[in-house]
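Trainee: Below is the structure I would like to discuss, written out as structure tokens.
The values are calculated or read from the model by the stated rules, or taken from the named source; none is laboratory data. Since this is a predicted model, take the numbers as computed values, not measurements. Cβ placement follows ideal geometry from the backbone for every residue including glycine, while neighbour counts extend to all protein chains displayed.
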Amino acid sequence: MDQFYTTHRNQQESFPWYHQPYRVEPMKPSYAFTNSQYSSSRQTSFHKSIINKDPKTISNSELANLLDHHPKELKKMRRKNPQQQLPILMDFLLTVCRVPKSTLLSVAQHNFFSSLQAPFSDLLQRWCRSSSLTDDEISMFRSIVKLIKRFNKATDAVELLPSWLLDSTFLNTIANCLTNIGTSKNFLNDKNNRLLKYFTRLIEIYTYYQECLNDENDSDKDTLVLLLDPILQCLTSSQYINTFTNLSQDKKSMTNIEKFFLLKCPSFLISYNGSRLEQIMEKLLSTMLPQYAGLLDKVVPSAHNWKRSMIRSVQYLLKTINHGANQFQINAKLVKKHLPLIDHVLTLLDEPIFYNNLQETLSNPETVFVDTASSFLVDMTSEPTILAEINRSHMTPAFLRLTSCEYEPLVRNVHTLIAYTTREEDIKEMRNPGQLLETIMKSLKTTLDQPMEDRSDQEKLFETLKGLVQHDQMKDEIIKQNAIPFLLECTNKLDDKAQILAFEILWSLTFREEGALALRSNRNFLNKIQTISKDSNSEPLKKAVDGLVWKLVREPESLERLAKRQAEEQNAANNMVETITEVIIDSTGQKQLVTRRVSSVAPDERIFQYDMMISYCHADKDLIYKINQYLVDQGFKIWIDLNNMYGPAMNAMADAVENSEFVIMCMSDSYKRSTYCQAEAEYAFNCKRRLLPLIVREGYRPDGWLGFMIGSRIYVDFGRFDFNTACEKLMTEIKHQRKQPLPSKPVTISQQEKPTEIISNKLEIVTTTHDHNALSMYTDRKSTSNFIRKYVNEWEESDVLDFLFTEHLNELMPICKTMDGQALIQLYGMCKSQSGQTFILLNDELKSTYNTKLSITVYTRFLSAMEQKLAASPLTPYLILSELPGNTGTTTSQEYISYAPRTSMINQASLQYQSYADQPYDLTFTSNTSSQQLLRALEYHDPNLKKLISF
């Protein structure tokens, strides 16, 4: 056939197979070969043997014989009747297409199929040059593509396809056609409609071939790389945008042009997993993400009217964006700059047309679309900004609704989304969160008992469980359902990523007392993890296991050692206190015997190796490194893990916490989900370090274990303020905390030497020498009633003590002995806004200084008495500013404070926080006083505050 092709090409360049065009109508697949479209007068005996033969009955040997004789018959025909060469060739090709698969594969390596390369390549080149072909040429094109596709369907063995399909010269010819289609409208007119249809089928064949390469680990996945850039050119062309824009939303079927641009080109790209994938995706998404967002802006509002064509087009758009996202971060990093895309996908998942039409298999476009969209979101959650966007959308109810679908892979995706985006309050509102956990555990047990070549489903289930276990309620459910033995079994049966995830889940459970107790009591497990921590060569496994060793073994030892050291330091300080007795003359002129307890050395002020340790999640590193550099520039000594060396470095973390004055907690969704970060934060909390919480992701609000740990502490929101402003607020908070003493150390003092207060040589406390306990001087006092006739903010120190004595709040008198009325209102404000934390602080001070306890009864009676006193007179001038739960704070509300300016006549002012996202003001002050009086009161707190207030 090669000789035939060459000879006739020389004779007539315009058409290589025959001299005069002969129109051949395209043959339908069901066409009966016994009814030839050619007259018998024009049929050769060879031709008759083809068209009168039922292709399904042709044997292997018969087909081989036909392939041997066909080139010879074409040569004879060239001499006798050149007109019939093309019809005979096409009839022959269509006959071969219809033989049984096994028969076709038996001759797959026959030279006849190689001879098709030259005429097929010539057709493609002719199309590139003239942007059109005749009907006869198109029919020939169709016949060859049909034969190749028949090979494609007959076997999964790609090596049986004609080898010339992968020839670089031939691939370059196809690449030129792709480029022309993407850049010229001449290839998209009506006369090219049929040809584009058959060319699209050729691209489908290459897509299938490329998918087969992905399944063979030792294959060259860059075999078809020559087609990659031209495909990319089509996907980034104006032709793509115009085709999508003009697609009718209520059409069920697509035109050939729509199929090519919206389905087949994306399919080819999605089938590629070679060495250039990351580079190609960055190039594509950098160009097209703004375009994709614009396209979805137009079509998503009318999603309820979508038919199959639009559903599939958006589905392939999402698959294109998501391709490679499970391997590389570039997809999510680029998508985070176009968050409306995420909002559109969430809107579509909450659309009834989709969730009402889900089926058990991928048998309808709605189920396929939801599966694609949920998988897209799962891969995008690796980017913290996108995860925060999903969290702000409060999609948990919509995700829970999708779990009713019976298609398991889709449900697994949805479970993963629930695990990573559900808030603590969402779990509390679930009717049966235990059922969700039970479903996941059941699926895990099923996969554990089955041999699996592909572990991706199993790993996804463990990822989901790891996400859920960040919530304390889910930890409790795991313990309640007695799932710990199963998880221990998993660590023995699994390997690689699934095993690491199982260890990380167990690590999370150690933060619940019952979980830690169950694991700590398992001696075999303790020995196992300590051995792995010591001997394993897998760094990820060592990280997970070393966290378990830390929580179960090393942390209790470290805390015990730390407490012992603090007790020794305190005892040493106690031994350095001297008691001096002397006579003084009091304010009445009488002599009185007093004692002074004075430290014989300079005050024992703790010197730390580091000013601050920064506890953060590596996902937030960009902002954290900026904060670190800012603090270093301010002269602070900082400990920070810049190399993400957690896991084996748990001991280094513990040393850093113990030797740092402050621990900065950089809070985000990623931080809360990180078991390592939780271990860091809890150790800092248990070591009683000064905690500085920062919000490092816009819109994040701490809840769960993190919300409990920071309590009512003031935090700086780097997500809300610009960087410089947030840093200024951080510096203010550092200075504020340094004015406060570090948490008291345990003190053990004998009864004979029990002091009223341990003091330094910079401060002296004078007490009368009575053979009473430390509170005797307050319980023996004689109270007056002068405080009743004064406003609270006008009380002097003696009035405060009289008030406490009258209300039988003697235990608070030592703490309040130097307070005036304004200071007492400050204390009351702290109690109201930070009730639990203030109680702990007061109790610690009483225990360490006066060796007595503050009962909860006295504490609550103090709050009640102050509330009644402040409300007793409508003329009582005070202003209480307190931050409501969830408030991030502003210039005026970041401190939990109460003020009572003497110059104001404010009966009562209340503050209410309003979400700055949808409200014009951050704070609302309500008062029955005049505006000027309120301004004077606020200006007393902050002279600059007046500039920020409008009426």
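Trainee: Give me the pairs, please: first residue somewhere in region 57-69 and in the same structural domain as residue 95 (by TED's automatic domain parsing) and farther than 14 Å from residue 113 by Cα, second residue anywhere and of a type in the set (Gly, Ala, Ser) and loosely packed, with under 14 Cβ neighbours inside 10 Å, beta-carbon distance under 8 Å, and either six or more positions apart or on two chains.
Mentor: These pairs meet every condition: 60/102.
Trainee: Condition (residue is assigned to a loop (DSSP other than H, G, I, E, B), in contact with a helix residue (DSSP H, G or I) (Cβ under 9 Å, 6 or more places away or on another chain) and at pLDDT below 70) applied to region 719-727: is it met by at least one residue? Working first, answer last.
Mentor: To start, the set of residues in region 719-727 that are assigned to a loop (DSSP other than H, G, I, E, B) comprises 719-722.
The next check asks that each one be in contact with a helix residue (DSSP H, G or I) (Cβ under 9 Å, 6 or more places away or on another chain); those that pass are 719-721.
Filter again for at pLDDT below 70, leaving none.
Within region 719-727, none of the residues are assigned to a loop (DSSP other than H, G, I, E, B), in contact with a helix residue (DSSP H, G or I) (Cβ under 9 Å, 6 or more places away or on another chain) and at pLDDT below 70.
Trainee: Please pick out the residue among 489, 477, 408, 429 that is of a type in the set (Asp, Glu) and modelled with pLDDT under 85. Before you say what the answer is, go through the steps one by one.
Mentor: Working: 489 fails: modelled with pLDDT under 85; 477 fails: modelled with pLDDT under 85; 408 fails: modelled with pLDDT under 85.
On inspection, the qualifying residue turns out to be 429.
Results for (1) on the phi < 0 side of the Ramachandran plot; (2) more than 23 Å from the chain's Cα centre (by Cα); (3) crowded, with 23+ Cβ neighbours inside 10 Å; (4) β-branched (Val, Ile, Thr), shown as yes or no for each residue.
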{"residue": "623", "(1), (2), (3), (4)": "yes, no, no, no"}
{"residue": "628", "(1), (2), (3), (4)": "yes, yes, no, no"}
{"residue": "633", "(1), (2), (3), (4)": "yes, yes, no, no"}
{"residue": "653", "(1), (2), (3), (4)": "yes, yes, no, no"}
{"residue": "678", "(1), (2), (3), (4)": "yes, no, yes, no"}
{"residue": "697", "(1), (2), (3), (4)": "yes, no, yes, no"}
{"residue": "704", "(1), (2), (3), (4)": "no, no, no, no"}
{"residue": "715", "(1), (2), (3), (4)": "yes, no, no, no"}
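Trainee: Check residue 835 against each of (1) more than 30 Å from residue 571 (Cβ to Cβ); (2) crowded, with 19+ Cβ neighbours inside 10 Å and name the one condition it does not meet.
Mentor: (2)
Trainee: Is there any pair linking a residue in region 171-192 that is touching a residue at least 40 places away in the same chain (Cβ under 8 Å) to one that is outside any helix (DSSP H, G or I) and surrounded by fewer than 20 Cβ atoms within 10 Å (Cβ to Cβ), with Cβ under 6 Å and at least six apart or on different chains, and which?
Mentor: 182/237; 186/131; 187/131; 191/132
Trainee: I would also like to ask the following. Could you tell me whether residue 684 is part of a helix (DSSP H, G or I) and modelled with pLDDT of 90 or more?
Mentor: The answer is yes for residue 684.
Trainee: In region 271-282, is there at least one residue being part of a helix (DSSP H, G or I), surrounded by 17 or more Cβ atoms within 10 Å (Cβ to Cβ) and not aliphatic (A, V, I, L, M)?
Mentor: So far as region 271-282 goes, no, none of its residues is part of a helix (DSSP H, G or I), surrounded by 17 or more Cβ atoms within 10 Å (Cβ to Cβ) and not aliphatic (A, V, I, L, M).
Trainee: Need at least 1 residues that are closer than 28 Å to residue 278 by Cα and out of contact with any helix residue (DSSP H, G or I) (no Cβ under 8 Å at 6 or more places or on another chain) per element, so show me which helices (runs of 4 or more DSSP H) inside region 166-254 make the cut, counting only ones lying wholly within it. Spell out how you get there, then give the answer.
Mentor: On the way: elements: 168-183, 193-215, 228-235, 238-245.
The helices (runs of 4 or more DSSP H) meeting that bar are 193-215, 238-245.
Trainee: Would you mind telling me which numbered condition in (1) in contact (Cβ under 8 Å) with a residue 40 or more places away in the chain; (2) surrounded by 18 or more Cβ atoms within 10 Å (Cβ to Cβ) residue 243 fails?
Mentor: The failed condition is (1).
Trainee: Which residues, taken from region 501-518, are more than 17 Å from residue 419 (Cβ to Cβ) and either at pLDDT 95 or above or surrounded by 21 or more Cβ atoms within 10 Å (Cβ to Cβ) (or both)?
Mentor: If the condition is that a residue be more than 17 Å from residue 419 (Cβ to Cβ) and either at pLDDT 95 or above or surrounded by 21 or more Cβ atoms within 10 Å (Cβ to Cβ) (or both), then 503, 510, 515 are the ones that fit.
Trainee: Would you point out which residue out of 232, 226, 295, 289 is under 19 Å from residue 307 (Cβ atoms) and aliphatic (A, V, I, L, M)?
Mentor: Of the residues listed, the single one that is under 19 Å from residue 307 (Cβ atoms) and aliphatic (A, V, I, L, M) is 295.
Trainee: Would you please name the residue that is surrounded by the most Cβ atoms within 10 Å (Cβ to Cβ), looking only at residues in region 188-238 that are among the acidic types (Asp, Glu) and more than 34 Å from the chain's Cα centre (by Cα)?
Mentor: It comes out as 204.
Trainee: Could you go through region 408-424 and let me know if any residue there is in contact with a helix residue (DSSP H, G or I) (Cβ under 8 Å, 6 or more places away or on another chain), in a loop (DSSP other than H, G, I, E, B) and crowded, with 22+ Cβ neighbours inside 10 Å.
Mentor: Yes: region 408-424 contains one or more residues that are in contact with a helix residue (DSSP H, G or I) (Cβ under 8 Å, 6 or more places away or on another chain), in a loop (DSSP other than H, G, I, E, B) and crowded, with 22+ Cβ neighbours inside 10 Å.
Trainee: Another question, if that's okay. What number of residues in region 506-558 are without any contact (Cβ under 8 Å) to a residue 40 or more places away in the chain and not in a helix (DSSP H, G or I)?
Mentor: Residues that pass the stated criteria total 5.
Trainee: I'm checking my understanding of the structure. Among residues of region 132-165 that are part of a helix (DSSP H, G or I) and of a type in the set (Val, Ile, Thr), which one is nearest to residue 116 (Cα to Cα)?
Mentor: Looking at residues that are part of a helix (DSSP H, G or I) and of a type in the set (Val, Ile, Thr), I get 144.
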